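See below for the structure under consideration.
Computed from the coordinates by the stated procedures, all read-outs in this text should not be read as laboratory data. These figures come from a predicted structure and were not determined experimentally. Positions of Cβ are generated from backbone atoms using ideal geometry, with glycine treated the same way; all protein chains shown enter the neighbour counts.
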Amino acid sequence: MAKKKDQLGKGLRALLTKIDKPETTKTEKKEAIAELSRSISEINLNDIEPNPYQPRKEFDEAELLELVQSIKTLGLIQPITLRKVTGKKFQIISGERRWRASKLAGLKKMPAYIRVTDDQGMLEMALVENIQRADLNALEVALSYQRLIDECNLQHEELAKRVGKDRSTVTNYTRLLKLPPDLQEGLKNKKISMGHAKALLSLSDPSHQLHFYKKVISENLSVRNTEKEIREYKSPGHSKTKGESPGSSSGSLHPEVLKIKDRLSHLFGSKVEILRDNNGKGKIMIHFSSDDQFNDIIDEIED
């Protein structure tokens, strides 16, 4: 006997047909869409395609495999959200990670909510739902906010209402996109937090931002200590000559000079300070805590 061809459920097919019919009134269409959004349908995985507007571009492999194992053991509990495109095809609005895991788990069908929307509506829905539901890192959230602003023509105030956040929160996230690439990568990989990034943004010079970013990493500075260091550097009483690298009178240096400082500190096994302005003037101070350490430093110099 020939295998029966998979078909959409009758209820789902009837609702979609009703929505597509030109003679359907606005009221009937609205009621059908509302019923569709409340219903959970079983959709063939092969009829589902990824969302080109998905804000998350990378999926953690270990977490994905954990979800695969959970689906194999317990099944898929939370439905994904789809929109119908052409024929029997559906496009993911939210839930791509669950769809990927379900395919790896060997499922043929998966539960889904079906929504009716145009491309711009889909983009907005996808971004808003992912911001609210997915474990996006701060940079992914920032990129999603910016896309909503650019591609959906939303102002910060409108966007804040869409995502249920304060306007200042939206502004703080979008400002992250002004950070240099290295800092954005550090934020993405959670080497620094949102709080660290906000503190670094208070510096207008990217090279200074990069310096303090490296200082945060190397000295494992808390957000509060980072804010304190930057505040001290920016304070009117901070003694720095014109054109001087950030914090050069308090142990903070331009990234390239910092590398030299670290090499000297490693060489002498002691704290080293370099005070230098951009004209090349300055001095090097080597600290020692005993005569023995002093003699060791002299030996290294003479060698």
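Here are a few things to note about the model shown:
- Ordering of 284-292, 161-169 by packing is 161-169, 284-292, highest average first (other Cβ atoms within 10 Å, averaged per residue).
- Full extension of the segment from residue 301 to residue 182, taken as 0.36 nm per residue of separation minus the current Cα-Cα distance, would add 39.3 nm.
- Counted residue by residue at 0.36 nm each, then reduced by the alpha carbon distance between them, the extension gain from residue 232 to residue 283 reaches 16.2 nm.
- Measure of compaction for segment 137-178 (Cα Rg per 2.2 N^0.38 Å): 0.99
- Calculated on alpha-carbon atoms, Rg and Dmax of segment 190-238 in Å: 10.0, 34
- Separation of segment 184-228 and segment 62-89, taken as the distance between their Cα centroids, equals 37 angstrom.
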